[in-house]
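Notes to accompany the following structure.
The values are calculated or read from the model by the stated rules, or taken from the named source; none is laboratory data. For clarity, every value in this text was computed on a predicted model and none was experimentally measured. So basically every Cβ, Gly included, is an ideal-geometry build from the backbone, and we count neighbours across all protein chains shown. Protein only, heavy atoms only, side chains kept; ligands, DNA and RNA dropped before computing areas. Shrake-Rupley method; radii C 1.70, N 1.55, O 1.52, S 1.80 Å.
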Amino acid sequence: MQDQTDLATLGAIEPPDGEGHRDGWVEETAGLDRVISVALGLKQPRTADWIADHAQVSTTTARDHLSRLVELRVLSAVEQRGAKTYLPDAAYQRFRDVARLIEEHTREELEQITVSAKEDIERLETSYDVESPTELRELATKPDTSSADAREYFRKASEWDRHRHMLQIAREAFERYDEFVEGHGHHSADSVA
């Protein structure tokens, strides 16, 4: 039964490249799974029509599935310019990120990820003599900053944001590590004697 799907495992399934492979994807993958795949892969809000087209289902089918995914808080629905659009729910995405980190890494690996992210942030602070990505973006917008420097500052500020995000996810993964591993029956390298 589809309501019993473990939502923690829902993820974007990449449709194969090429028309022949895409036809196989449609034949071998249920409509709901294609809608989930397309919707969870979104980087910007999209309409049901757009999702239906990319998932190769009817708009009615897409709307039904999207509505259910919104009820389950897997997706968020937002009105934009008079049209309802869909995007992965931020809280659900965060849960998936934390779950994926716990599933893929031991506690020791999480420690190394944390240390590496902190080192990268410290390197950025020292290299640019700033304390935040916001300050780095402010440097980029100063009148006397060259376009090449502005491009670099914006790129490094985005990198900084990714490191901060990783630290937040890693912190939550540490907090939930035992609960997740025990509660979901996952076998990790930490539990091997």
Worksheet item: Quick one: what does P(r) look like for region 112-153 with 5 Å bins over all Cα pairs, in whole %?
Response: 5, 24, 25, 20, 13, 7, 4, 1
Worksheet, complete the sentence: Non-local residues with an amide H under 5 Å from the amide H of THR85, with H modelled 1.01 Å from N and Pro and chain starts lacking one, are VAL78, GLU79, GLN80
Worksheet item: Can you give the charge dipole size of region 64-112 about its Cα centre, rounded to the nearest 20 debye, using +1 on the beta carbon of Lys and Arg and -1 on the beta carbon of Asp and Glu?
Response: 360 debye
Discussion item. As an exercise, take the mean of 1/r over every pair of distinct alpha carbons in region 90-142, invert it, and state the Kirkwood radius in angstroms.
Written reply: 13.3 Å
Worksheet entry | Inter-centroid distance (Cα atoms) of region 134-177 relative to region 64-79, Å | 31 Å
Worksheet item: Do any GluC sites (Glu not before Pro) in region 99-173 lie in a DSSP loop with no more than 12 other beta carbon atoms within 10 Å, and if so, which?
Response: GLU131
Worksheet item: Going by a ≥ b ≥ c, the root eigenvalues of the Cα gyration tensor, does region 59-148 fall in the rounded group (a/c under 1.5), the prolate group (a/b larger than b/c) or the oblate group?
Response: oblate
Fill in: Carbon + sulfur, % of accessible area of region 38-177 - ligands and nucleic acids excluded, 1.4 Å
46 percent
